[in-house]
1. Would you say Leu201 is under 30 Å from Leu254 (Cβ atoms), touching a residue at least 12 places away in the same chain (Cβ under 8 Å), surrounded by fewer than 21 Cβ atoms within 10 Å (Cβ to Cβ) and under 24 Å from the mean Cα position of the chain (by Cα)?
2. What do you reckon, is Ser83 among the polar types (S, T, N, Q) and under 28 Å from the mean Cα position of the chain (by Cα)?
3. Give all pairs with beta carbons closer than 6 Å in which a residue from segment 143-170 that is at positive phi meets a residue that is among the acidic types (Asp, Glu) and part of a helix (DSSP H, G or I); count only pairs at least 6 apart in sequence or on separate chains.
4. Condition (residue is surrounded by fewer than 14 Cβ atoms within 10 Å (Cβ to Cβ), out of contact with any Lys or Arg (no Cβ under 6 Å at 6 or more places or on another chain) and more than 30 Å from Phe158 (Cβ to Cβ)) applied to segment 112-135: is it met by at least one residue?
5. Can you say whether Ala125 is among the hydrophobic types (A, V, I, L, M, F, W, C) and at pLDDT below 90, as far as the supplied structure shows?
Amino acid sequence: MKTSLFSKRNLTSAFWYILLIAASLMVLFPIWSAINISFLNDTEVASYPPKLFPTHLNFENFRRALEQAPLGRYMLNSVIQSSLVMFGQLITSCLAAYAFAFIPFRYKNVLFLVFLSTMMIPWEATIIPNYLMIKKIGWTDTFQGLAVPFMATGFGTFLLRQFFLKIPMELRDAAVMDGCGHLRFLWTIVLPLGRPALGALAVYSFLQTYNQYLWPLLITNNEMMRTVQIGIALLQDEERFMYNNVMAGVVLILIPTFALFVISNRQLIRGLTAGAVKG
């Protein structure tokens, strides 16, 4: 009986491992394909069937990509925009989440539901009003125009609020008895305890903004204010589509995101799962 149960458990574990490996391969294949094509020369990229491995490492594609478009400048613009949005979302989400978690006031739950409802509004429904507002106040071709419309988010408020609810209210009561105000309690106790959730929100907001395409395309007309996603489109040749040049540019702009994900992977997972058991 024990042997049968042990064997059944092993089969179940093996099934899930195989399923996870298959899913991982499906996710990693596009990344490997981009890296592989970025090293192929013009003859190899046009061959059929396509090569799974380059015959040699060809860095000429990366040089041509950097010459064809100022990707360095575009990457800097994207990093600045993403950093502004990240810090803006951290500040606004921290303050709103603290109020929903620790400050009693009338209709708090109703107002929180209103916050959550903003997550259900399609972004396409707000892009035109945002564009008209940014254009009217003269923020086109500026970093504030790129970043300000995204500095507050219902998701960030929800994520931090769920984490803050795990902090015992007795800790807040003890801090009040010692003369600790709201801002001091938030800065000295809540934020240090909430580092996993803060790290998760920071990574999520940075990567989400870094991958924006339509919004920067709408409000930037100056070439030096373009972002990396627009820069990739500039790598297309007018006469023929050079896959190897485009993929070389894609690999270059993926380096910051890969580095950020590797550094903050553990923090991201801990933060996204921290508030999963308490509502």
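1. Numbers: under 30 Å from Leu254 (Cβ atoms): yes; touching a residue at least 12 places away in the same chain (Cβ under 8 Å): yes; surrounded by fewer than 21 Cβ atoms within 10 Å (Cβ to Cβ): no; under 24 Å from the mean Cα position of the chain (by Cα): yes.
For Leu201, the condition - under 30 Å from Leu254 (Cβ atoms), touching a residue at least 12 places away in the same chain (Cβ under 8 Å), surrounded by fewer than 21 Cβ atoms within 10 Å (Cβ to Cβ) and under 24 Å from the mean Cα position of the chain (by Cα) - is not met.
2. Yes, satisfied.
3. Nothing qualifies.
4. Yes, segment 112-135 contains at least one residue that is surrounded by fewer than 14 Cβ atoms within 10 Å (Cβ to Cβ), out of contact with any Lys or Arg (no Cβ under 6 Å at 6 or more places or on another chain) and more than 30 Å from Phe158 (Cβ to Cβ).
5. Details: among the hydrophobic types (A, V, I, L, M, F, W, C): yes; at pLDDT below 90: yes.
Yes; evaluated as a whole, the condition is true for this residue.
The values are calculated or read from the model by the stated rules, or taken from the named source; none is laboratory data. Keep in mind that this is a model prediction, so the values were computed, not measured. Note that each Cβ is placed from the backbone with ideal geometry, even for glycine, and that neighbours are counted across all protein chains shown.
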